[in-house]
1. Considering G347, G355, which residue is more than 21 Å from L56 (Cβ to Cβ), open to solvent by less than 10 Å² (accessible area, probe 1.4 Å) and in a loop (DSSP other than H, G, I, E, B)?
2. Select from the stretch 7-33 the residues that are without any contact (Cβ under 8 Å) to a residue 12 or more places away in the chain and within 19 Å of K99 (Cβ to Cβ) and list them in ascending order.
3. Select from the stretch 41-84 the residues that are away from the ligand (no atom under 16 Å from the Cβ), surrounded by 14 or more Cβ atoms within 10 Å (Cβ to Cβ), assigned to a loop (DSSP other than H, G, I, E, B) and among the basic types (K, R) and list them in ascending order.
4. Can you name the number of the only condition in (1) open to solvent by 40 Å² or more (accessible area, probe 1.4 Å); (2) touching a residue at least 40 places away in the same chain (Cβ under 8 Å) that Q318 fails?
5. Filter the stretch 339-351 down to the residues that are away from the ligand (no atom under 16 Å from the Cβ) and either in contact (Cβ under 8 Å) with a residue 40 or more places away in the chain or closer than 14 Å to Y308 by Cβ (or both) and list them by number.
6. Could you list all residues from the stretch 352-373 that are within 11 Å of the chain's Cα centre (by Cα) and within 14 Å of the ligand (Cβ to nearest atom)?
7. May I ask you to verify whether L3 is over 18 Å from the mean Cα position of the chain (by Cα), among the hydrophobic types (A, V, I, L, M, F, W, C), modelled with pLDDT of 95 or more and not in a loop (DSSP other than H, G, I, E, B)?
8. Is one or more of the residues making up the stretch 189-212 in contact (Cβ under 8 Å) with a residue 60 or more places away in the chain, away from the ligand (no atom under 16 Å from the Cβ) and open to solvent by 20 Å² or more (accessible area, probe 1.4 Å)?
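The values are calculated or read from the model by the stated rules, or taken from the named source; none is laboratory data. Treat the numbers as computed from the prediction; the structure is a model and nothing was measured. Cβ coordinates were reconstructed from backbone atoms using ideal geometry, including for glycine residues, and neighbour counts include every protein chain displayed. Surface areas here come from the heavy atoms of the whole protein model, side chains and all, with no ligands, DNA or RNA. Shrake-Rupley method; radii C 1.70, N 1.55, O 1.52, S 1.80 Å.
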Amino acid sequence: MRLIFAGLELEVQAESSQAAGTGYVLHGGTVQLTQPEAPARFFRHGWQSWSLASWLELDKPPVPIQPPGRRPQADDPVYALSPRHGGSALGAVECPDGKVLLLGALAPGGRVEAHGRALRGFYESGAGDWFVAHGEEAAAFAHYAEMLAERLGQRGQSPAPRVWCSWYSFYTGISEPVIHQVLEGLQGLPFEVFQLDDGWQQDMGDWEANEKFPSGMQALARRIRAMGYTPGLWMAPFIVRPSSRLYRERPDWLLKDAQGEPVPAGINWGGFYYALDTTHPQVQAWLRGVIQRAVAWGYTYLKLDFLYAAALPGVRQQNIPREQAYREAMRLVREAAGEETYILACGAPVLPSLGLVDGLRIGPDVAPLWRNEDREDYLHDLTGPGGLNALRTSLHRLWLRRLVQTDPDVAYFRTRYNLLSPPQRQALQDLAKIAGFLATSDPPQWLEPDERQALERWLSEEVAVSQIGRYRFLLGEREVDFGEWLGGRDA
Ligand code: 9PG
């Protein structure tokens, strides 16, 4: 069949098609749109928060992240060796008339690839609906986001909370005295959430306070609340380290491969970590307990991390598609946390998180440095911690703003222990304003008086944001052009 848009006629393969506003909804397990001419650039949408999202040149074939398929924390391991450009859930190409053609899945489990003149979408199992739009870039993505809101729901429409997060200054080196000191120093700064990150727990899988928090997590939550903040807590509920009690006592709860071996979910904290089979009824009961306990302690802001682990390929108790298994697990987490608890999803498959989480990390980690040369140059991995990697992917995910609060990761105001130049710090601060999610990890004790003032101004100043180009924005009267940072190297 053919689809006609203003200025573009497409040859289409699909089971059915139906007009939807200025776009179309197609149905099929595999659908294909063929243009008269081969496009030059492809919008690649990485699988989960940290995975690369960017416009890419189609004449340069993709270079696999090293070692291929062994770094599921960078992108979907199933397509690690794919010889063609592709992305999770959606893809788009630039048309000769300056508009874009977008093909996007309307349910979990979809992927879109560039095949010469064609965009091909497929669901990993079964069939489903797709959305096709042709138009100005911003309008096409906005229309897709509206369609996703209808199908999957949306959350987080009010202004995002302003968050202080412990990760990007102390990493796992947090303890009661360190946290108490930061809490004291923060007084007077307008944050809503005080969030403890990795470092409080006994192990991945053993979500109890470790010896650095002798008074326990409940006492700490009370203290945070007494200081005027919503207590926030980091957890990675779908992963397990071999050193944990959970791993030793419940080996049958792990996600396994076809040979019956546990599926590695990545390498971090000095070794491999593994995924839970969240379709296992006992795992579900345990998960419910872990989330309910954190909320009962008083943490009503949960940063849930390494979530992609529940969507890795493997053999599950319940034989359902992997992204559906993930979405069901997140539904359970939402039920256990309650409607009032804020859930920030991190390392999370994007499309299957929508409608269930309030906030979503939309890029890889920042760091107090700009480029992560080792990961980029030797491993071809653009997900390493660093300002540029975080900026690049987050910029290409801003269209999600109408579906979820978009977290581009923290901004820096400190010069202490920081290799970012003033313009680099400014870029991350501007990005956060545009994304609408303000967070920092700077300990107040590390800030010079003028830096503290700048942080306070940034947290409290309301500024009108408008987009005037792919990478150009107006922040109040000031024009911000991120294209200069991506120049020549936007992947
Ligand atoms: C805590 C951190 C912070 C951070 C998260 C996440 O590829 N990796 O091995 C990898 C490790 C850590 C990481 C991202 C990727 O950071 O994004 O904000 O919470 O965990 O450990």
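1. Checking each option against the conditions leaves just G347.
2. A19
3. Hit for the stretch 41-84 is R84, nothing else.
4. (2)
5. Listed by number, the residues that qualify are E340, T341, L351.
6. G359, L360, R361, I362, G363, P364, D365
7. No.
8. yes
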